[in-house]
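See below for the structure under consideration.
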Amino acid sequence: MAANEKLQFPLVDSSYDNAEILSCISTLLSGQLTMGAQVRRFEQEFARHCAAPHAVMVNSGSSANLLAMSALTNPLRSKHLKRGDKVGVPAVCWSTSVWPIVQTGLVPVLIDVDPLTLNMSVAALKATLKQHELKALMMVHVLGNSTEMGELLAIAAEEDLLLVEDTCESLGTTYEGRALGSIGTFGTFSFYFSHHMTTIEGGMVLARTEEDYDLLKCLRAHGWSREQSNREALERDNSHIDPRFLFVNVGYNLRPMEIQAAFGLEQLRRLDTMNAHRRTNVARIRAAFAAHERWRGQLHFPTATRGLDPCWFGFPFLVDESVQLDHRGFTRALLDQGVDTRPIVSGNMALQPALKHFDIDISMGPFQGAQRVHDRGLFIGCHAKPVAQSVIDGLVELILRSLEEHSR
């Protein structure tokens, strides 16, 4: 690489090729564009990939969260949450980890995170449970890592908490051999173009029971009876209504398109390979940092929790509090040299101005862990293709040099 040449290390490196394009063209030529056989096939293969009983595809990861919370609050579910019930959610999360809780009449309670893992602090969860009667948890698995899952699951069982796993950033991460997203009541995934795999836009919800599977499908599409396992009985009991338009519940239109499923089927075939590249790239970037003594005491890399095999969504790090950093100057300098960066999800969600207008409980603040992530954290890309060693070496050298130049 020439001395005056930019590094060109984007946040996302395109993960699709001609296979996806040809599959989409074939789907367009078939004439079936709205949700149909391709979607059903993708759902089945995705569920099989995650060793989960059921999967329901939707049009985005945000819709997946909305659908999961709508199912948990639906009065036709045998065990459902009621308006005003409180749901714990980590203070470092995405906006649509919080909004579906609000939109379904529940009260989000923000819980601090451990800056060493970027994920919900079990100690903070225990403290929250002493002051709040939580009914459920929205467990956001941040950037491919997670909380101490063994402790979390023990607490959820003891407190009888329903668990939604927001796995939008952690597809491929496993806990004791089980895929994250397959463990809780529901698991949600995003297939946005920058995530572990993509359907351009799209999402998925995993469910453990047939009752929830039926409910998710009903709520996804208008509340109609078409995909219910007891469809014949419903039609028989309502014979005065045309069975093609029999509505048995509330509902949305969160349906995906066939072209998205066609894209996803091709991506799923090589997901394990892409995730292996992500893991290798992370290991090689960390090794390149380790070769430079001057990073020690300045940067901290998140640690994987016990029993977890993380598949990182990005390459996150925190700048040590001893470093007086011009944060914006630092990230601007990296961008000028071709290295894209992002904050770690939302940073401290409690600071977002929209929260002031809705019933969101921030009484467990100040969120010191989330604030440290907010002030000191960022991430760079973690690509699904192999990255040349020369690029990795140049990337690490550039980060360290820019850190020195923008510290006081």
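The values are calculated or read from the model by the stated rules, or taken from the named source; none is laboratory data. Computed from a predicted model, the values in this text were never measured in an experiment. As a convention, Cβ positions derive from the backbone with ideal geometry for all residues, glycine included, and neighbour counts pool all protein chains shown.
See the values below:
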{"read-out": "For residue 381: the one exception among (1) buried (at least 20 other Cβ atoms within 10 Å of the Cβ); (2) of a type outside the set (Asp, Glu); (3) at pLDDT below 95", "value": "(3)"}
{"read-out": "Some residue of segment 321-328 being in contact with a helix residue (DSSP H, G or I) (Cβ under 9 Å, 6 or more places away or on another chain), loosely packed, with under 14 Cβ neighbours inside 10 Å, small (Gly, Ala, Ser) and not assigned by TED's automatic domain parsing to the domain that holds residue 150", "value": "no"}
{"read-out": "Scan of segment 263-288 for residues that are among the basic types (Lys, Arg) and within 30 Å of residue 33 (Cβ to Cβ), ordered by number", "value": "269, 270"}
{"read-out": "Members of segment 129-139 that are touching a residue at least 60 places away in the same chain (Cβ under 8 Å) and in contact with a strand residue (DSSP E or B) (Cβ under 8 Å, 6 or more places away or on another chain)", "value": "132, 136, 138"}
{"read-out": "Output for segment 17-43, where each listed residue is part of a loop (DSSP other than H, G, I, E, B) and either of a type in the set (A, V, I, L, M, F, W, C) or within 26 Å of residue 104 (Cβ to Cβ) (or both)", "value": "33, 35"}
{"read-out": "Hits in segment 44-66 - residues which are surrounded by fewer than 22 Cβ atoms within 10 Å (Cβ to Cβ) and outside any loop (DSSP other than H, G, I, E, B)", "value": "44, 45, 47, 48, 49, 54"}
{"read-out": "Subset of segment 159-174 [hydroxyl-bearing (Ser, Thr, Tyr) and surrounded by fewer than 24 Cβ atoms within 10 Å (Cβ to Cβ)]", "value": "174"}
{"read-out": "Test for residue 91: is it over 24 Å from residue 300 (Cβ atoms) and of a type outside the set (D, E, K, R)", "value": "no"}
{"read-out": "Some residue of segment 311-323 being of a type outside the set (Lys, Arg), part of a loop (DSSP other than H, G, I, E, B), touching a strand residue (DSSP E or B) at 6+ places or on another chain (Cβ under 9 Å) and within 23 Å of residue 6 (Cβ to Cβ)", "value": "no"}
{"read-out": "Residues being of a type in the set (A, V, I, L, M), over 16 Å from residue 143 (Cβ atoms) and buried (at least 16 other Cβ atoms within 10 Å of the Cβ) - total across segment 275-290", "value": "1"}
{"read-out": "Residues that are outside any helix (DSSP H, G or I) and either outside the structural domain of residue 94 (by TED's automatic domain parsing) or surrounded by 19 or more Cβ atoms within 10 Å (Cβ to Cβ) (or both), drawn from segment 202-220", "value": "202, 203, 204, 205, 206, 207"}
{"read-out": "Residue in segment 4-16 that is part of a helix (DSSP H, G or I) and either loosely packed, with under 14 Cβ neighbours inside 10 Å or over 26 Å from the mean Cα position of the chain (by Cα) (or both) present", "value": "no"}
{"read-out": "Among residues of segment 123-158, those that are surrounded by fewer than 20 Cβ atoms within 10 Å (Cβ to Cβ) and not small (Gly, Ala, Ser), counted", "value": "10"}
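Rundown of residues vs (1) modelled with pLDDT of 95 or more; (2) under 17 Å from residue 122 (Cβ atoms); (3) under 11 Å from the mean Cα position of the chain (by Cα), yes/no style:
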| position | (1), (2), (3) |
| --- | --- |
| 140 | yes, yes, yes |
| 148 | yes, yes, no |
| 156 | yes, yes, no |
| 188 | yes, no, yes |
| 199 | yes, no, no |
| 215 | yes, no, no |
